[in-house]
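Engineer: Could you have a look at this structure, given as structure tokens, before my questions?
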Amino acid sequence: MKKPIITLKNIKHAVFSSQETECFQASVYVNSKLFCIASNAGRGGCNDYAMKQPNNSWEFNELNRLISDTYPSSKSPFTGETIEADLESVVNELLDDHLNAKHFKKIMRNILFVEKGNKAIYSLAMKATAENIEACKASKRFSESIILNDLPTDEARAYYENSK
């Protein structure tokens, strides 16, 4: 059984309307083919799915079965129960990844650093230009610090994710 490759495209996110859940709309692609449009009004509750072919619940149920068989299950943070993966959980995880990447890109506009022996990330109120990064690296104040803007993006993002 082959694991379906699920991606989100055309993501529209409305922060102002996100209350209990994220308010969004996104195209859901399965194995590079448009499957449906996922959306949530941001007022709590499950996502809505507008199928590419209306009234095609068989395809939707078949995809959920395939996801359940091939994607890892998770544990509920509230009850500890095992939760089977489904399209809802995959879409929510992909949306969270997208929003975290977007936030990370935004905060990297300023200089970010981690002090030695400390997990917290600090931000300087200065743009992350090459000159400013070099000035920080040359400064005695930052001799023991790791400047995230000076690292490869994946490595800097790993520091960011581990600081949460």
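The values are calculated or read from the model by the stated rules, or taken from the named source; none is laboratory data. Source: prediction; values computed, not measured. Virtual Cβ from ideal backbone geometry, glycine too; neighbours counted across all protein chains shown.
Engineer: Considering only the range 32-58, state which residues are surrounded by 11 or more Cβ atoms within 10 Å (Cβ to Cβ), in contact (Cβ under 8 Å) with a residue 24 or more places away in the chain and not basic (Lys, Arg).
Structural biologist: Phe35, Cys36, Ala38, Ala41, Gly42, Asn47, Tyr49
Engineer: Also: Among residues belonging to the range 139-164 that are more than 13 Å from Met108 (Cα to Cα) and part of a loop (DSSP other than H, G, I, E, B), point out the one that is nearest to the chain's Cα centre (by Cα).
Structural biologist: Within the range 139-164, the match that is nearest to the chain's Cα centre (by Cα) is Lys164.
Engineer: Give me the pairs: first residue in the range 87-116 and within 20 Å of Val15 (Cα to Cα), second residue surrounded by 14 or more Cβ atoms within 10 Å (Cβ to Cβ) and among the small types (Gly, Ala, Ser), beta-carbon distance under 6 Å, and six or more apart or on different chains, which are they?
Structural biologist: Note: pairs meeting the criteria are Val91/Ala38.
Engineer: Condition test on Phe78, is it under 30 Å from Thr7 (Cα atoms), outside any loop (DSSP other than H, G, I, E, B) and not acidic (Asp, Glu)?
Structural biologist: Here the answer is no, as Phe78 does not meet what is asked.
Engineer: Give the residue that is nearest to Asn92 (Cα to Cα), with candidates limited to residues of the range 1-31 that are buried (at least 16 other Cβ atoms within 10 Å of the Cβ) and of a type in the set (Phe, Trp, Tyr).
Structural biologist: Filtering first and then ranking leaves Phe24.
Engineer: Moving on. Restricting to the range 25-54, count the residues that are assigned to a loop (DSSP other than H, G, I, E, B) and among the polar types (S, T, N, Q).
Structural biologist: Of the residues in that region, 4 qualify.
Engineer: Taking the range 1-24 on its own, how many of its residues are part of a loop (DSSP other than H, G, I, E, B) and either without any contact (Cβ under 8 Å) to a residue 24 or more places away in the chain or within 14 Å of the chain's Cα centre (by Cα) (or both)?
Structural biologist: The number of residues fulfilling the criteria is 2.
Engineer: Being exposed (fewer than 11 other Cβ atoms within 10 Å of the Cβ) and either in the same structural domain as Val15 (by TED's automatic domain parsing) or more than 24 Å from the chain's Cα centre (by Cα) (or both) is the filter here; which residues of the range 107-138 pass it? Break it down into steps so the answer makes sense when it comes.
Structural biologist: Taking the range 107-138 first, the residues exposed (fewer than 11 other Cβ atoms within 10 Å of the Cβ) are 116-117, 119-120, 125, 130-131, 138.
Lys116, Gly117, Ala125, Ala130, Glu131, Ala138 - these are the residues of the range 107-138 that are exposed (fewer than 11 other Cβ atoms within 10 Å of the Cβ) and either in the same structural domain as Val15 (by TED's automatic domain parsing) or more than 24 Å from the chain's Cα centre (by Cα) (or both).
A quick yes/no check of all residues on (1) closer than 21 Å to Leu8 by Cα; (2) under 20 Å from the mean Cα position of the chain (by Cα):
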{"residue": "Leu34", "(1), (2)": "yes, no"}
{"residue": "Asn47", "(1), (2)": "yes, yes"}
{"residue": "Ser57", "(1), (2)": "yes, no"}
{"residue": "Asp69", "(1), (2)": "yes, no"}
{"residue": "Thr79", "(1), (2)": "no, no"}
